[in-house]
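Novice: A single structure is presented below for examination.
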Amino acid sequence: VRLEHHPLHIIDDKFSVTLQVPADARSALGIGEDAIIKVQVDAVPVGQNSVARQADILADLAPEGIAPQVYVKGDRYYSAQKLQGISLDTLIIDKRAKLRPQLNKIRDILTAKNYDMTGLGLDDLVFNPATGEMKIQNAGKISVSTKTPEQLKAVNAQKVDSFTIVTLEEKADATAKARRRLEALREQSRTTPLEIGGPRIPLEKVEVPP
């Protein structure tokens with residue numbers, strides 16, 4: 001069954017493309033619900049999993065309820081359940097913090113299965129408000145750990161913390177950036193003339209009512 005790049009295109013990266021499977025293709029594959037197909041189109045970058053390896057990881061995690069069901073897999077492609085919900089990279093940190101129980105569940109399962117989640121990004125996770133579930137939609141950077149169990153537990157916990165906690169350094173950096181922007185605006189207001197009628201009047205001379 002032919003897949004068109006548009007309007008079924010969902011996302012692509014450096015070496016793969018993900019498409020929504022059209023209804024006629026789902027029917028041919030015996031798939032009843034919305035599905036995606038991910039196809040490897042280039043060499044796999046260092047530090048990432050091949051599309052086939054991603055399918056293996058998702059299939060391993062699906063029975064645990066933290067990944068989509070994988071329907072079919074080939075050497076350079078797989079088809080899987082299309083996840084419904086919101087990508088975590090679209091949520092502000094306060095809202096992500098409220099999803100800590102779901103993140104902890106993913107952390108604990110990955111740790112128990114000896115997976116290192118250091119490479120996992122916010123855009124690799126999808127939260128479904130209707131069901132309260134969070135699942136991994138992309139296993140591109142999940143790796144089998146070579147660390148000790150204690151080390152793996154620590155690094156995976158640190159990764160979840162990075163999704164939900166603003167560090168003191170991040171707060172200080174955000175404050176410094178805000179101050180620089182404010183100073184730039186103040187400097188601009190002192191040096192940018194405002195033309196009213198004919199005369200050019202510096203902004204600092206313009207009275208603003210309280």
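The values are calculated or read from the model by the stated rules, or taken from the named source; none is laboratory data. The structure displayed is predicted, hence computed values, not measured ones. We place every Cβ from the backbone using ideal geometry, glycine too, and count neighbours over all the protein chains shown. Note: areas computed on protein heavy atoms with side chains; ligands, DNA, RNA excluded. Shrake-Rupley method; radii C 1.70, N 1.55, O 1.52, S 1.80 Å.
Novice: Quick one: count up the residues across segment 27-40 that are out of contact with any helix residue (DSSP H, G or I) (no Cβ under 9 Å at 6 or more places or on another chain) and within 19 Å of Gln137 (Cα to Cα).
Specialist: Result for segment 27-40: 1.
Novice: While we're here: Examine segment 18-33 for a residue that is buried (at least 18 other Cβ atoms within 10 Å of the Cβ), in contact with a Ser or Thr (Cβ under 9 Å, 6 or more places away or on another chain), at pLDDT 90 or above and under 27 Å from Met117 (Cβ atoms), and state whether such a residue exists.
Specialist: Scanning segment 18-33, I find no residue that is buried (at least 18 other Cβ atoms within 10 Å of the Cβ), in contact with a Ser or Thr (Cβ under 9 Å, 6 or more places away or on another chain), at pLDDT 90 or above and under 27 Å from Met117 (Cβ atoms), so the answer is no.
Novice: Let me ask something else about it. Residue check, Ala52 against (1) free of Cβ contacts under 8 Å to residues at least 40 places away in the same chain; (2) out of contact with any Ser or Thr (no Cβ under 9 Å at 6 or more places or on another chain); (3) open to solvent by 50 Å² or more (accessible area, probe 1.4 Å); (4) among the hydrophobic types (A, V, I, L, M, F, W, C), all met but one. Which one?
Specialist: All conditions pass for Ala52, except number (3).
Novice: Would you confirm, using the coordinates I've provided, whether Arg96 is basic (Lys, Arg) and open to solvent by 70 Å² or more (accessible area, probe 1.4 Å)? Step through it out loud before you land on a result.
Specialist: Working: basic (Lys, Arg): yes; open to solvent by 70 Å² or more (accessible area, probe 1.4 Å): no.
No; evaluated as a whole, the condition is false for this residue.
Novice: Is it true that Ser16 is hydroxyl-bearing (Ser, Thr, Tyr) and more than 20 Å from Asp123 (Cα to Cα)? Spell out how you get there, then give the answer.
Specialist: Values: hydroxyl-bearing (Ser, Thr, Tyr): yes; more than 20 Å from Asp123 (Cα to Cα): no.
The answer is no for Ser16.
Novice: Suppose the filter is touching a Leu at 6+ places or on another chain (Cβ under 8 Å) and modelled with pLDDT of 95 or more; does Ala59 pass it?
Specialist: In short, no.
Novice: Taking segment 123-136, which residues are of a type outside the set (D, E, K, R), open to solvent by less than 40 Å² (accessible area, probe 1.4 Å) and either under 8 Å from the mean Cα position of the chain (by Cα) or under 17 Å from Lys95 (Cβ atoms) (or both)?
Specialist: Leu125, Val126, Phe127, Asn128, Gly132, Met134
Novice: Consider Ile109 carefully, then state whether it is β-branched (Val, Ile, Thr) and either surrounded by fewer than 12 Cβ atoms within 10 Å (Cβ to Cβ) or closer than 27 Å to Lys14 by Cα (or both).
Specialist: Answer is no for this residue.
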